[in-house]
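Just below is one structure, and these are the notes that go with it.
The values are calculated or read from the model by the stated rules, or taken from the named source; none is laboratory data. Just so we're clear, the structure is a prediction, and the values are computed from it rather than from any experiment. Note that we place each Cβ from the backbone using ideal geometry, even for glycine, and neighbour counts take in every protein chain shown. These accessible areas exclude ligands, DNA and RNA; they are computed on the full protein's heavy atoms, side chains included. Shrake-Rupley method; radii C 1.70, N 1.55, O 1.52, S 1.80 Å.
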Amino acid sequence: MKMKTAGFVLGVLALFITSGVAMAGAPLTNIEGVGGCALNPFAYVANPLKGGDKGLLGNGMISRPQIGIWNVGLTESHINWWSVGINETLLNRVEIGYGHEFIDVKKLQNIDKDNLSMKVNMIKEGDFGIGLMPAISAGLIWKNTGFDAKLRKSSDADYYLVATKMFGNLPMPIILNAGLLSTTGYVRGVLGFGDHRDTVFFGNVETVVLKKFIVGLEYEQDADVGKVFKNDPTHYSTHSLWEGHIAYNYDDHLMLVASYANTGDKNSVSETAFSGGYVLSLQYAF
């Protein structure tokens, strides 16, 4: 397991909920169709039932669906990345999701990737009467890539454990959360899956500004996934990622996100450093 200093300095992942602030898509449906931010899962389930809402079937068991649409433009590397995902939550404890990604890479084939996910919220924030108790969830993401290459594996699963804690009594509420991700995915599985499973850190820190805006930063550590392609002894690694964002909460249903992401200098020795680019998202909670 890698525990690099950069991961601890960046701290921890965050949820877009604060006391007295109603927010659409909290957490968001992320690029892989998981309740989280653009890159990372959150400990909270997506679009939980609130107040007297009886949910999709009127029995208080199944939440209303939530969708997220993403566009990532890594312009320096001529990569255009689209994603659409949907989430449902059962009993405010179990989140299921699906996400489809379409990646257009210049001088390479277009790639489709499918993700099926499940998250279980084992401990809710403040459980057992402990005020500092974070929410804790565990989850898995099964991924399949359509990348047409001589891959050792075209599908595999990620596993993660994540904790979230909100500090809502500060002048500007801050939400911190941290997670560990077990993965074999090369470039998050878009380019296949290796024969080595690595455990890496991910995290975000978020704050709410003027009740309608969320400003934050997220990070995912680089992952060594071993041998990816048949008859190729090379060990491959996915470069670390970071993304800074601002989100506008239009109303209780609609949220808009704009951000900048960076995957490392494309002129570096890493084959998965694609430089930076924009990230845009539209989120809608029914």
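Of all residues in segment 160-179, exactly one satisfies the criterion of being without any contact (Cβ under 8 Å) to a residue 24 or more places away in the chain and either in a strand (DSSP E or B) or of a type in the set (Phe, Trp, Tyr) (or both), namely 167. Scanning segment 89-147 for residues that are open to solvent by 60 Å² or more (accessible area, probe 1.4 Å), within 20 Å of residue 62 (Cα to Cα) and not in a strand (DSSP E or B) yields 91, 93, 124. Looking only at segment 151-189, residues that are within 21 Å of residue 213 (Cβ to Cβ), aliphatic (A, V, I, L, M) and open to solvent by 10 Å² or more (accessible area, probe 1.4 Å) come to 5 in all. Beta carbons closer than 6 Å, at least 6 apart along the sequence or on distinct chains, pair a first residue in segment 21-34 that is part of a loop (DSSP other than H, G, I, E, B) with a second that is modelled with pLDDT under 90 and open to solvent by 10 Å² or more (accessible area, probe 1.4 Å) for 22/252; 24/252; 26/17.
If the condition is being of a type in the set (Ser, Thr, Tyr) and either within 19 Å of residue 137 (Cβ to Cβ) or touching a Cys at 6+ places or on another chain (Cβ under 9 Å) (or both), then segment 154-179 contributes 159, 160, 164.
If a residue must be in a helix (DSSP H, G or I) and either open to solvent by 50 Å² or more (accessible area, probe 1.4 Å) or in contact with an Asp or Glu (Cβ under 8 Å, 6 or more places away or on another chain) (or both), how many such residues does segment 65-86 contain? First the steps, then the outcome.
Filtering segment 65-86 down to residues in a helix (DSSP H, G or I) leaves 75-77.
Those still in the list that are either open to solvent by 50 Å² or more (accessible area, probe 1.4 Å) or in contact with an Asp or Glu (Cβ under 8 Å, 6 or more places away or on another chain) (or both) too: 75-76.
Residues meeting the conditions: 2.
A search for C-beta distances below 9 Å between a residue of segment 62-84 that is without any contact (Cβ under 8 Å) to a residue 60 or more places away in the chain and under 14 Å from residue 28 (Cβ atoms) and any residue that is among the charged types (D, E, K, R) and open to solvent by less than 20 Å² (accessible area, probe 1.4 Å), counting only pairs 6+ apart in sequence or on different chains, returns 83/32; 83/101; 83/113; 84/101.
Listed here are the residues, each with its yes/no results for (1) within 21 Å of the chain's Cα centre (by Cα); (2) within 18 Å of residue 137 (Cα to Cα).
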{"position": "53", "(1), (2)": "no, no"}
{"position": "59", "(1), (2)": "no, no"}
{"position": "62", "(1), (2)": "no, no"}
{"position": "78", "(1), (2)": "no, no"}
{"position": "82", "(1), (2)": "yes, no"}
{"position": "90", "(1), (2)": "yes, yes"}
{"position": "95", "(1), (2)": "yes, yes"}
{"position": "100", "(1), (2)": "yes, no"}
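Screening segment 190-286 for strands (runs of 3 or more DSSP E) wholly inside it with 2 or more residues that are over 28 Å from residue 76 (Cβ atoms) and open to solvent by 10 Å² or more (accessible area, probe 1.4 Å) returns the ranges 193-209.
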